Each structure stands twice: as C-alpha cells, then as structure tokens.
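The values are calculated or read from the model by the stated rules, or taken from the named source; none is laboratory data. The structure presented is a predicted model; accordingly, all values stated were derived computationally and were not measured. Please note: Cβ atoms are built from the backbone with ideal geometry, for glycine as well, and neighbour counts cover all protein chains shown.
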Amino acid sequence: MAKQRRVSSRPVRPKPADVVLSVERSIHAERERALQSAPPAPLPRPGHLEAVALYEEGVAALQAHEYPRASSLLRSVLSRYPEERELHERVRLYLNVCERHMAPRAASPTTPEERVFAATLAVNAANFDEALAHLRAATSELPEHDHALYMLASVLAQRDQAEEAVPVLLRAIELNPDNRSLARHDPELEVLRQFDSVRAALEAPVPAKAAAMDRRKPARRR
C-alpha cells in the first residue's frame, strides 16, 4: 500500500523577489488612484509668463541701478497685465525704490534764511536732528537772527534739552519782544515756562517805546 505524502502545516513564505514585486504593484496602484482623484492643474493665465519675464527684466535693471529703465519696465507690467494682481504688489514695492532714487535732491541751504526754511521743513517732518543742525548753523552765521534762535529753543525743548534751550529763548526775546508774546502760549515751550528766568522774561512789561515801534511794524509771518 502506497504511503500518503504528509502535508506540511507551516505557511509557505513568499520569495524576496515576489515581495518586491508586490510592493511595487501596490505603489503603482496607489499612485494611479491619487492621479485619478487629484484635480487637474490650472492652466496659466494668458500673458502670465510674459508678465513675469517683464517683471524680472525690470528687477534686473533696478539691481543694475538703471532706475529710469527699471521704472518704465515695471510700469509696463501694471498697464499691460492688469490681471496679475499678485505680481502688482511686488511691482509697486520696487517702483517706490525707483522713485526714491530718481527724485531730485534739494540743494543744500547756504544762507541763514535758507537754513531756517530747511529747519522748518524738518520740524514739520518731526526730524529734529536735522532741524537742530540747520538752526545751529544759522545762529552761528547770524547770532542775532531772533527767529532762528526762537526755533532753536523750541527744538531743544522738544528734544528734552531744556537747560540749553532757556538762554537761547531769553536771547530771542531780548532781540525781538514779539517773541515774548509767542512764547507765552507756544505749547512746545511749556517745559521752558517752568523756569523762573523764563517766567520773569514773559511777565516783564514791554517798554513803551518798544511797544510803539512794534505797533508800527507789520506783523511777522511765521
């Protein structure tokens, strides 16, 4: 009687080559499913590539310090490609850089009056360091320029340099009594009115002769 073959109960282990092939098939199937489920990539807007190329050309001109040419190229992006709104934000940023470099620079003041005018512009822009430099130069060139002295005292007060501002203001009042009435109500001189010497100068009566002369003089424009 023929013997029956005994069937092994141990599981059959796949060969290494079969494992690699199975993994590759799984990866391929997963990739196919992902491609089928992903939305199609949006097509670029008409003219988008041209707009980017023009923008990059403008930036290159800016980096080469060719500011007029860079400005012209960048403005072309705004005018020719209005739909490129995201690109427009960067274009405007670089246009501001071009305009700053292309703006004509004001000539440096050379006379006390020009320095006082330049100081006035600097004060309006809250640039007190620049104003102080102009006013120091003006009062050095013309020590009896009462308006420059008054402004210098005001700027020093706003820079918390009251100790230095007090004698400057007193000299401005001494040179021109009109500065007394201005200083009485000027909010920028509030800190100086706390000094006894300043209060005494502001409270002192105007001499009759000086008052009569002041009435004959036209009002000074500030």
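If you check Leu182, Leu135 for being modelled with pLDDT of 95 or more, surrounded by 13 or more Cβ atoms within 10 Å (Cβ to Cβ) and either outside any loop (DSSP other than H, G, I, E, B) or more than 26 Å from the chain's Cα centre (by Cα) (or both), only one passes: Leu135.
Among the residues making up region 99-121, a single one is touching a residue at least 12 places away in the same chain (Cβ under 8 Å), touching a Pro at 6+ places or on another chain (Cβ under 8 Å) and either over 26 Å from Val155 (Cβ atoms) or among the aromatic types (Phe, Trp, Tyr) (or both): Met102. Listed conditions (1) part of a helix (DSSP H, G or I); (2) surrounded by 13 or more Cβ atoms within 10 Å (Cβ to Cβ) are all met by Pro109, apart from (1).
Of all residues in region 81-106, those being part of a helix (DSSP H, G or I) and closer than 30 Å to Arg136 by Cβ number 2.
Which is assigned by TED's automatic domain parsing to the domain that holds Leu170 and in contact with a Pro (Cβ under 8 Å, 6 or more places away or on another chain), of Glu141, Glu130?
Values: Glu130 fails: in contact with a Pro (Cβ under 8 Å, 6 or more places away or on another chain).
On inspection, the qualifying residue turns out to be Glu141.
If we scan region 158-169, do we find a residue that is assigned to a loop (DSSP other than H, G, I, E, B) and β-branched (Val, Ile, Thr)?
First, pick out the residues of region 158-169 that are assigned to a loop (DSSP other than H, G, I, E, B): 159-161.
Those left that are additionally β-branched (Val, Ile, Thr): none.
The answer is no; no qualifying residue exists.
Ala219 fulfils the conditions (1) assigned to a helix (DSSP H, G or I); (2) at pLDDT below 95; (3) exposed (fewer than 15 other Cβ atoms within 10 Å of the Cβ) except for a single criterion, (1).
Test Ser76 against the stated conditions and say whether it is farther than 30 Å from Leu169 by Cβ, under 20 Å from the mean Cα position of the chain (by Cα) and among the hydroxyl-bearing types (Ser, Thr, Tyr). Show your work before the answer.
On the way: farther than 30 Å from Leu169 by Cβ: yes; under 20 Å from the mean Cα position of the chain (by Cα): no; among the hydroxyl-bearing types (Ser, Thr, Tyr): yes.
No, not satisfied.
Residue selection: Arg69 satisfies the criterion of being closer than 30 Å to Glu99 by Cβ, modelled with pLDDT of 90 or more and either part of a loop (DSSP other than H, G, I, E, B) or in contact with a helix residue (DSSP H, G or I) (Cβ under 6 Å, 6 or more places away or on another chain) (or both).
Take Glu56 and tell me if it is farther than 21 Å from Ile173 by Cα and either in a helix (DSSP H, G or I) or not polar (S, T, N, Q) (or both).
Details: farther than 21 Å from Ile173 by Cα: yes; either in a helix (DSSP H, G or I) or not polar (S, T, N, Q) (or both): yes.
Answer is yes for this residue.
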